[in-house]
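Peer 1: Right, I'll just put the structure down here and ask away after.
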Amino acid sequence: MSRICLGWGLALTVAIAPAPAQAPTAGWKEVRGRGVSVQLPASFEGGDLEGEMPEVLQRLRLLGQDFEPTVRAIETNRSSFLLYAFDRRRGNTGALTNLNVGAAKVPSNLPLATVVDLNIKELPKPFRVVSRQMQGDNQTTILKLESTIEAFRLSQLQYFIRRGNTVYVLTYTTERSEFVAREPVFRQSAATFRSE
């Protein structure tokens, strides 16, 4: 099984979407990546880092010099991302709210719970699991994570979604002080996730 390290600070994330996908929310837009798509609020920008990488990273650079380390980390690991998107509107601390989607092929006889357990063991030191929820179909697991990276206290909502022999990981990251307000948006967005 492949290890997937993604996101702001390149945190490990696997997301599996609930099926069927919900209709888009008014005022939201579809963001497409390599073989996946998701609906996000209009203030988000992003896409496929392979095909649209120069444009996505240029828009990220426009947010300021503080994001140059993030841009370099994404450039170095761009093949790990099926989709990357960020919210142009930043919170009070300046932390970047973002979504990244990755995927890994797994053996068909390996339960999703085992895949999630293996990924939790590989989490970088600053990350800790706050909660874990299985959805009714046992093909989706949702983790809530917290970490402190430099001056930023971050919260993440990670979806591990199994579709056949592929596990998709959606990782939504935001400043911890914004998480309560953003969590319903993250959950609504994850419900629109589609894979080809």
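The values are calculated or read from the model by the stated rules, or taken from the named source; none is laboratory data. All values derive from a computational prediction rather than experimental measurement. Note: ideal-geometry Cβ built from the backbone for every residue, glycine included; neighbour counts use all protein chains shown.
Peer 1: If I ask for residues that are small (Gly, Ala, Ser) and either touching a residue at least 60 places away in the same chain (Cβ under 8 Å) or buried (at least 20 other Cβ atoms within 10 Å of the Cβ) (or both), which ones from region 141-168 would you list? Show your work before the answer.
Peer 2: Of all residues in region 141-168, those small (Gly, Ala, Ser) come to 147, 151, 155, 164.
Selection gives SER147, SER155.
Peer 1: Right, another one. Within region 78-101, how many residues are part of a strand (DSSP E or B) and modelled with pLDDT under 95?
Peer 2: 7
Peer 1: Hey, another quick one. For region 109-154, how many residues are assigned to a loop (DSSP other than H, G, I, E, B) and either within 20 Å of ARG182 (Cα to Cα) or of a type outside the set (D, E, K, R) (or both)? Even if it seems obvious, please write down each step before you answer.
Peer 2: So the first thing to find is which residues in region 109-154 are assigned to a loop (DSSP other than H, G, I, E, B), and the list is 109-111, 122-127, 135-139, 150-151.
Keeping just the survivors that are either within 20 Å of ARG182 (Cα to Cα) or of a type outside the set (D, E, K, R) (or both) gives 109-111, 123-124, 126-127, 135-136, 138-139, 151.
Result for region 109-154: 12.
Peer 1: If a residue must be on the phi > 0 side of the Ramachandran plot and in contact with a strand residue (DSSP E or B) (Cβ under 8 Å, 6 or more places away or on another chain), how many such residues does region 23-76 contain?
Peer 2: Residues that pass the stated criteria total 4.
Peer 1: A further question on this structure: Give all pairs with beta carbons closer than 8 Å in which a residue from region 32-50 that is without any contact (Cβ under 8 Å) to a residue 40 or more places away in the chain meets a residue that is surrounded by fewer than 21 Cβ atoms within 10 Å (Cβ to Cβ) and of a type in the set (Ser, Thr, Tyr); count only pairs at least 6 apart in sequence or on separate chains.
Peer 2: So the pair list comes out as GLU50/SER79.
Peer 1: Are any residues in region 103-128 among the hydrophobic types (A, V, I, L, M, F, W, C) and under 26 Å from PHE152 (Cβ atoms), and if so, which ones?
Peer 2: VAL116, ILE120, LEU123, PHE127
Peer 1: What number of residues in region 1-49 are at pLDDT 50 or above and assigned to a loop (DSSP other than H, G, I, E, B)?
Peer 2: 13
Peer 1: I'm trying to understand the selection: among the residues of region 71-97, which are out of contact with any Gly (no Cβ under 6 Å at 6 or more places or on another chain) and among the polar types (S, T, N, Q)?
Peer 2: THR76, ASN77, SER79, ASN92, THR93, THR97
Peer 1: Scanning for something in a loop (DSSP other than H, G, I, E, B), under 21 Å from TRP28 (Cβ atoms) and in contact (Cβ under 8 Å) with a residue 40 or more places away in the chain, does region 175-192 turn up at least one residue?
Peer 2: yes
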